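One structure is given below, encoded as structure tokens.
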Amino acid sequence: MVRFLPVLLVLALEVFCVIDVIVSPEEKVRNLPKIAWLLLVLIFPFVGSIAWLVAGRPQLAPGGGRSPYERQAPTFPEYDRPGRAAGLTPESDEEFLRKIRERAEEQRRKAAEDKKRREQDEGEA
């Protein structure tokens, strides 16, 4: 069993590095193209894996110990995100509300006309 331990460790390292090369974003891979790193790790399991970890793997994000694959928490609370639709001035809010009221009145008027038309059609039939 002890004889197989180094082989298993190299195999585990190679599998880890192959998966890491595959899931790494192309633009973040350092020093060689992604396909070259993949071939290097596959052809030379131990040396290629160590080289990938030292010279090819994307560096950690600056300003934190996070892996580049971890999702970061948003910096803005849900309702304070930039670009969220909100009136810039009280006048624009009033303008928006006026348009909404006009549209609602138009829809009510149209619904009443349709109802009246249906009642007339039923009365004639």
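Laboratory data are not the source of any read-out in this text; all were calculated from the coordinates shown. Note that the coordinates shown come from a computational prediction; the quantities given were computed from them, not determined experimentally. In this analysis, Cβ positions are derived from the backbone assuming ideal geometry, glycine residues included, and neighbour counts consider all displayed protein chains.
The table for this structure:
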item: Sites matching trypsin sites (Lys or Arg not before Pro) across region 1-39 that sit in DSSP coil, with at most 13 neighbouring C-beta atoms within 10 Å; result: Arg3, Arg30
item: Within-14-Å neighbourhood charge of Ala36 [Cβ basis; K, R +1; D, E -1]; result: +2
item: Kirkwood-type radius of region 5-56, with distances r between different C-alpha atoms, in Å; result: 10.7 Å
item: Summed side-chain charge close to Gln59 - residues other than Gln59 whose Cβ falls under 11 Å, Lys, Arg +1, Asp, Glu -1; result: +3
item: Residue order, fewest to most surrounding Cβ atoms within 10 angstrom, among Phe46, Phe96; result: Phe96, Phe46
